[in-house]
Amino acid sequence: MVITLLGTGTSSGIPLIGCRCDVCRSLDYRDKRLRVSVYVETQGKCFVIDTGPDFRQQMLREDITQLDAVIFTHQHKDHTAGLDDVRAFNFLQNKDMPVYGRLQVLEQLKREFEYVFADYRYPGIPRLQLHEITNTPFDVLGVTFTPIDVLHHRLPVFGFRIGNFAYLTDVNHIPEAELAKLQNLDVLILGALQRETHISHFNLQQAIDVVSILKPQVTYFTHLSHKMGRHAEVEKELPAHIRLGFDGLKIKLED
């Protein structure tokens, strides 16, 4: 399994428009963060979790030419806005794109991308196959995804476990029953927005506390705000088994 962090920034990305803080002006490539997304290659199949506004740029940067399905965590715009650009893979692969999400996500996609689902299909629009998921494991082309049902303030959001890898972003509460699904992980990617407390995201200390409960072999924090601080400085504060993710990072582990 190869996991590529396509984007590790919060909804505004880094640098933030108009901001002159040290993080936004940093020349360290690790401080340049597109909107959060991840690309997973396993068992000969390739998946993207979330298609944010930077989806096209991320696909081009990583030279990605295979995409077998899209899986959505939730319906916020910074996770869905790039869906139209999957049409490039329709053309490239000559097939419809399977899209997986809970019912509320699929219904919002139908509203925001109404032209895709209209009775008259304009030539060249994305070709999508929508699949509703619930809080039970589901199969995508032979690969098993186990949903992790968490809260983003009051909004239900799915994280996902694939083998011994789990991905949870946009979360500030994990119920006990869902924590049980996250045992014995090799790699955890977890949202950690900033140092200060936040209404809908784990802050740095809260995310560290979750890691101390789950005890994965290694954790990478994602969905980072410029308020977190510069990558190089924050990493000095973290224990060896916890790192900050950065755009383009590739993580390899056994299937």
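The values are calculated or read from the model by the stated rules, or taken from the named source; none is laboratory data. In this text the structure is predicted, and so the values were computed from the model without any measurement. Positions of Cβ are generated from backbone atoms using ideal geometry, with glycine treated the same way; all protein chains shown enter the neighbour counts. Each accessible area value is taken on the protein alone, full model and side chains, heavy atoms only, with ligands, DNA and RNA left out. Shrake-Rupley method; radii C 1.70, N 1.55, O 1.52, S 1.80 Å.
Here are the numbers for this structure:
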| quantity | calculated |
| --- | --- |
| Positive dipole terminus of the chain, leading residue within Thr197, Met228, Phe72 (C-beta point charges) | Met228 |
| Cα-centred dipole magnitude for the chain, charges only on beta-carbon of K, R (+1) and D, E (-1), debye, nearest 20 | 440 |
| GNM flexibility winner over the chain from Tyr115, Tyr220, Tyr100 (Cα, springs under 10 Å) | Tyr115 |
| Rule-of-thumb Rg ratio for the stretch 115-163 [Cα; 2.2 N^0.38 Å; N residues] | 1.58 |
| Amide H contacts under 5 Å for Asp170, placed H, 5+ residues apart | Gly191 |
| Accessible surface ranking that places the most exposed of Glu62, Glu196, Glu112 first, with a 1.4 angstrom probe | Glu196, Glu112, Glu62 |
| Estimated vicinal HN-Hα couplings, Hz - the stretch 196-211 in sequence order (Karplus 6.51, -1.76, 1.60; Gly, Pro = x) | 6, 5, 9, 5, 9, 9, 4, 8, 4, 5, 4, 5, 4, 4, 5, 4 |
| DSSP bridge pairs, the chain: antiparallel proportion in percent, nearest 5 | 55 |
| Amide proton proximity set for Arg102, modelled H, under 5 Å, gap of 5+ | Ile133 |
| Cβ-based charge dipole, the stretch 119-195, positive-most Cα from Pro175, Pro126, Thr146 | Pro126 |
| At most 12 other Cβ within 10 Å, DSSP loop - trypsin sites (Lys or Arg not before Pro), the stretch 74-137 | Lys95, Arg121 |
| Accessible carbon and sulfur surface of the chain relative to its total accessible area, %, 1.4 Å | 51 |
| Share of alpha-carbon pairs per 10 Å distance bin for the stretch 99-235, given as whole % | 11, 35, 30, 18, 6, 0 |
| Most positive-pole-ward Cα, Val38, Phe55, Ser26, against dipole of the chain from beta carbon charges | Ser26 |
| Helix-derived mean residue ellipticity, 222 nm - over the chain, DSSP H n ≥ 4, -39500 (n - 2.57), to 500 | -4500 deg cm²/dmol |
| Point-charge dipole on Cβ atoms (K/R +1, D/E -1) for the stretch 65-143, about Cα centre, debye to 20 | 80 |
| Equivalent ellipsoid, the stretch 32-165 (semi-axes from 5 times Cα gyration tensor eigenvalues, Å) | 21, 18, 16 |
| Accessible area in square angstrom per residue, the stretch 96-255, 1.4 angstrom probe | 48 |
| Most fluctuating residue given options Ile213, Ile14, Ile174, as computed from a GNM of the chain linking Cα atoms under 10 Å | Ile213 |
| Calculated SAXS-style log₁₀ I(q)/I(0) at q = 0.11, 0.16, 0.22, 0.23 Å⁻¹ - the stretch 162-236, Debye, Cα scatterers | -0.26, -0.54, -0.99, -1.07 |
| Residue of Val157, Val86, Val218 that the Gaussian network model of the chain assigns the largest fluctuation, springs spanning Cα pairs under 10 Å | Val218 |
| Charge dipole (debye, nearest 20) of the stretch 87-239; +1 at Cβ of Lys and Arg, -1 at Cβ of Asp and Glu | 300 |
